[in-house]
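The values are calculated or read from the model by the stated rules, or taken from the named source; none is laboratory data. Worth saying up front: this structure is predicted, and the values here are computed from it rather than measured. Here the Cβ is made from the backbone with ideal geometry for all residues, glycine too, and neighbour counts use every protein chain on show.
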Amino acid sequence: MDLEGRVALVTGASRGIGRATALRLASEGAAVGVNYRSNQQLAQDVVAEIEAANGRAVAIQGDVSDYQQAQEVVAKTVADLGGLHVLVNNAGIARDALIFNMEPEDWLDVMKVNFGAVFNCTKSALPHFAGQRDGVIVNVSSMMGERGWTGESNYAASKGAINAFTRCCAIETARFGIRVNAVLPGFSPTDLVSELLDKDGGKSIKRQIPMRGFAGVDDVADAVAFLAGPRSGYITGSLLPLDGGVGAQLGLGRTSW
Amino acid sequence: MTKEEIYGAVHPAVAEALGLDADEVTAESTLMDELGAESIDLLDILFRIERAIGVKIQAADLSEYVQGGIPDEEFGDENDIITAKGLAQLKKVMPQLDVEALSGKLAAENVMGYFTVENLVTLVAERAAVTV
């Protein structure tokens, strides 16, 4: 139980990686703020699942792409759960399109949610973390922020922004007892990327992954729990790929597909 | 809280935030000019003080405190040199200043360079009194 006595806030925790992360942190003993924007029932299901396992959690509504609401979400977590030690910036959206077809609002919306929410929640949590000289931030980013993919320019740019912000935030806050890292999943089959997998169930993508499979949401949650816990005490400013080896290989990793 | 107790919290906060030995920091040391504090160091010092004695001071409060609510255009002249009115205010929060020598010579951007550990202790003491 690495996170006994700790309070964690997971944004976008009603589904996908956020949901798995909330459950995982709770299983390590953390009390968890389960943030959601619109899926109240799903968020309450996550809370119920944590409580059924004798954990502590509250569902906290708020659109964290809005600075004011992000501040309220952080404040409510502190008020309801008696503190805050771990912030997992997970909330994210995708608006995949070729740049030829992309509208300005397509990148702005994605940037506002994916990167804006990281900024908003980080800034809201920092005074609290610095005051107690104790705090951990884990940003759920993507390998897409380090590499490119057709139709992902806006999403990749938003994740690239998160990665750069993660490094800067880590060096600015290290002296205040705060660690900041990011996990970079490759492909994880959640609702977010369902379009990519529609065609053939992801078969053609899987063939190009050295480990021949997708990251499960629990694989990502495990990595987040590691970075959120005491076993990663000297790690900050790191971008941890969870990609089955995708980022390690030369694009033409095999002579034929 | 006595002034000695506050100094006892501020002194180590300054030394630790700046990575200095305890004897390198005196009450008369100026934080920025002599000890080399930058804005992130000031933040660190203020958070350490908050943690040690529970007195919360925002970084933005520092310059407001020094300027004492005097509007910018009255605090400095058109060349951003501190006015007589400004100097009179500065003398209140930084009594060590030689106001006569600085008259007509002190640029606004250099004001914080004169702020000492002792001046910070005075500010913290004021805030502590309000908090309690």
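For region A:170-190: of the residues being assigned to a helix (DSSP H, G or I) and in contact with a helix residue (DSSP H, G or I) (Cβ under 6 Å, 6 or more places away or on another chain), which is surrounded by the fewest Cβ atoms within 10 Å (Cβ to Cβ)?
A:175
Among the candidates B:20, B:90, which residue alone is closer than 19 Å to residue B:116 by Cβ, more than 12 Å from every other protein chain (Cβ to nearest Cβ) and buried (at least 19 other Cβ atoms within 10 Å of the Cβ)?
Every option except B:90 fails the conditions.
So which of B:83, B:30 ends up being of a type in the set (Val, Ile, Thr) and touching a residue at least 24 places away in the same chain (Cβ under 8 Å)?
B:30
Restricting attention to region B:46-75, which residues are within 14 Å of chain A (Cβ to nearest Cβ) and not aliphatic (A, V, I, L, M)?
Result: B:47, B:48, B:50, B:51, B:54, B:56, B:58, B:61.
Whether any residue in region B:110-126 is exposed (fewer than 14 other Cβ atoms within 10 Å of the Cβ) and more than 21 Å from residue B:26 (Cα to Cα) is what I want to check.
no
Can you tell me which residue within region A:76-104, out of those that are among the aliphatic types (A, V, I, L, M) and under 19 Å from the mean Cα position of the chain (by Cα), is farthest from residue A:220 (Cα to Cα)?
Result: A:84.
Are any of the residues in region A:123-134 closer than 30 Å to residue B:41 by Cβ, touching a residue at least 60 places away in the same chain (Cβ under 8 Å) and touching a strand residue (DSSP E or B) at 6+ places or on another chain (Cβ under 7 Å)?
yes
Which pairs have Cβ atoms under 6 Å, sit 6 or more apart or on different chains, and link a residue in region A:164-176 that is within 17 Å of residue A:114 (Cα to Cα) to one that is of a type in the set (S, T, N, Q)?
Note: pairs meeting the criteria are A:166/A:139.
Return a yes/no flag: does region B:36-47 have any residue that is β-branched (Val, Ile, Thr) and touching a residue at least 60 places away in the same chain (Cβ under 8 Å).
yes
Being among the aromatic types (Phe, Trp, Tyr) and farther than 14 Å from residue A:107 by Cα is the filter; apply it to region A:148-170 and report the residue that is modelled with the highest pLDDT.
Residue satisfying both the conditions and the ranking: A:165.
If I filter region B:56-68 for residues that are touching a Gly at 6+ places or on another chain (Cβ under 6 Å) and not in a helix (DSSP H, G or I), do I get at least one hit?
First, pick out the residues of region B:56-68 that are touching a Gly at 6+ places or on another chain (Cβ under 6 Å): none.
No, region B:56-68 contains no residue that is touching a Gly at 6+ places or on another chain (Cβ under 6 Å) and not in a helix (DSSP H, G or I).
Residue by residue through region A:48-102, note down the ones that are within 18 Å of residue A:27 (Cα to Cα) and free of Cβ contacts under 8 Å to residues at least 60 places away in the same chain.
A:48, A:49, A:50, A:51, A:52, A:53, A:54, A:55, A:56, A:57, A:58, A:59
Can you name every residue in region B:33-44 that is within 16 Å of residue A:174 (Cβ to Cβ), more than 8 Å from chain A (Cβ to nearest Cβ) and among the hydrophobic types (A, V, I, L, M, F, W, C)?
Within region B:33-44, none qualify.
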